[in-house]
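Colleague: I am attaching a structure below and will ask some questions about it afterwards.
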Amino acid sequence: MLYLITGGSGSGKSEYAENKLCELSKKTNSSKVYLATMIPYGRETEEKINRHRQMRAKKNFQTEECFTNLSEFVKNMKLQKNSDKKEVVLLECMSNLVANELFDETGVNTIFKKQYPALSNNEVVEKLTDYILNGVEKLNDIYENIVIVTNEVFSESTVYSNEMRMYKQVLGKVNCELAKAAVEVEEVIYGQAVLYKNEKVKCMNKKAGLHLIIGGAYQGKLEYARKLYPQIQWADGEIDSFEKIQNAIGIYHFEIYIKRILKNEKLDIKEIIEQIFAKDIQKVIICDEVGYGLVPVDSFERYYREQVGRICTTLAKQADKVTRVVCGIGEKLK
């Protein structure tokens, strides 16, 4: 069985995951394997690795290292594994494994560039995602229980390079697929775990009101919303006309829609947003959380990030439903 644990930097997710594996080990009378994925490439990472080693020092973990090619690692472990010995595994963490495969010279993306030089970024994202998930599937085949730690790196407004955008896309897709396969998905926030469960899929009725769906980038928000509301028409806040967006029942990329309005001096942001609050109106609004991470240096980006936060706060007060999506799973906030 697969358990997925996510959270931001310094959230306490690693300690929580270790304790979860200890519980599973005790219940199943199994030994514990710690699968480390961080490459020790400098003082900062070496200090982090040492801190994690100290944290689990008395928990009797057998530590193994796998920086890239999880499938090959599993193949070698399978040859060494005693079939009569019960083991549970903690993979710490998926965000490092994805980064290694994408950016390190030993990663599979180096091979992809040589073998498939004409691949588009989206095709690379799909191939990398499948490659990593194939490794997890093989790991799941030989171990009874697996706990995977991943990272919440999706809720900020900073504009990154194409390489970093690709990294977030791959990690987001991997997280969503892992969440589908997992028996439990939890987010750790300052040491406190929030258990996410799938909500019942149902169609929207004629008086559903306003439903605000939020979450970090690449978390599967649109797929989640389309399952809930398969019959409504959608508008893309990034590319569709303002008229189409205002008349649509469903709007995604709402944060980019706000940015487009702010950049157009002829448009009144307050007036346009107020139209969403019209009586008896149906709206499903999907918006990226962009208020986390470092404060942008650019003054407009700072203003934009703050406006998205304030507008969504207002929408949340007015909404009939507010749902936060993490790894493709919706958590009811209101």
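Colleague: For the chain, what proportion of DSSP beta bridges, expressed in % and rounded to the nearest 5, is antiparallel?
Modeller: Taking every DSSP beta bridge with both residues in the chain, the antiparallel ones total about 20 percent.
Colleague: Hey, if you put +1 on the Cβ of every Lys and Arg and -1 on every Asp and Glu Cβ in the range 266-334, which of Ile329, Pro296, Gly309 ends up farthest toward the positive end of that dipole?
Modeller: Ile329
Colleague: Test of the criteria: in the range 1-66, which trypsin sites (Lys or Arg not before Pro) are in a DSSP loop and have at most 11 other Cβ atoms within 10 angstrom of their Cβ?
Modeller: Here the trypsin sites (Lys or Arg not before Pro) that fit, given the DSSP loop and packing criteria, are Lys58.
Colleague: If you don't mind, another one. Taking amide H atoms as placed 1.01 Å from N in the peptide plane, list the residues 5 or more away in sequence, or in a different chain, whose amide H sits under 5 Å from that of Glu87.
Modeller: Amide H neighbours of Glu87: Ser31, Glu144.
Colleague: Still on this structure, please answer the following. Compute from the Cα atoms of the chain the Rg and the Dmax, the latter being the longest Cα-Cα distance, and quote both in angstrom.
Modeller: Values for the chain (Cα only, Rg and Dmax): 21.7, 72 Å.
Colleague: Further, regarding this structure: Once the Cβ-Cβ distance between Met164 and Glu271 is put in as r, and R0 is 30 Å, what FRET efficiency do you end up with, to the nearest 0.05?
Modeller: Step by step, r from the Cβ atoms, then E = 0.25.
Colleague: Along the Cα→Cβ direction, 7 angstrom out, place labels at Leu133 and Ser31. What is the inter-label distance in nm?
Modeller: 3.3
Colleague: Need one word for the range 96-165: rounded, prolate or oblate. Basis is the Cα gyration tensor (sqrt eigenvalues a ≥ b ≥ c); a/c below 1.5 gives rounded, then a/b vs b/c decides.
Modeller: oblate
Colleague: With the other protein chains left in place, how much accessible area per residue, in square angstrom, belongs to the chain at a 1.4 angstrom probe?
Modeller: Here the per-residue accessible area is 54 Å².
Colleague: Pulled fully out, how much extra length does the chain show between Thr63 and Arg260, if you take 0.36 nm times their separation in residues and subtract their Cα-Cα distance?
Modeller: Contour length minus the Cα-Cα distance gives 66.0 nm.
Colleague: Please report, as a whole percent, how much of the solvent-accessible surface of the chain comes from carbon and sulfur atoms (probe radius 1.4 Å).
Modeller: After summing per-atom areas, the C and S share lands at 48 percent.
Colleague: Looking at the chain, identify the longest residue range that excludes and avoids all chymotrypsin sites (Phe, Trp or Tyr not before Pro) in DSSP loops having at most 12 other Cβ atoms within 10 Å.
Modeller: 191-334
Colleague: Of Asn60, Val108, Tyr16, which is farthest towards the positive pole of the range 1-126's charge dipole, taken about the Cα centre with +1 and -1 on the beta-carbons of Lys, Arg and Asp, Glu respectively?
Modeller: Farthest towards the positive end: Asn60.
Colleague: Moving to a separate point now. What nm value, rounded to one decimal, do you get for the distance between Asn122 and Ile142 when each label is placed 7 Å out toward the C-beta?
Modeller: Reported label-point gap for Asn122 and Ile142 is 3.7 nm.
Colleague: Toward the positive end of the charge dipole of the range 1-76, about the Cα centre and with charges on Cβ (Lys, Arg +1; Asp, Glu -1), which of Ala36, Asn69, Leu2 goes farthest?
Modeller: Value computed over the given set: Leu2.
The values are calculated or read from the model by the stated rules, or taken from the named source; none is laboratory data. Keep in mind the model is a prediction, meaning the values are calculated, not measured. Every residue, glycine among them, receives a Cβ derived from its backbone with ideal geometry; neighbour counts consider all protein chains shown. Please note that ligands, DNA and RNA were not included when accessible areas were found on the heavy atoms of the full protein model with its side chains. Shrake-Rupley method; radii C 1.70, N 1.55, O 1.52, S 1.80 Å.
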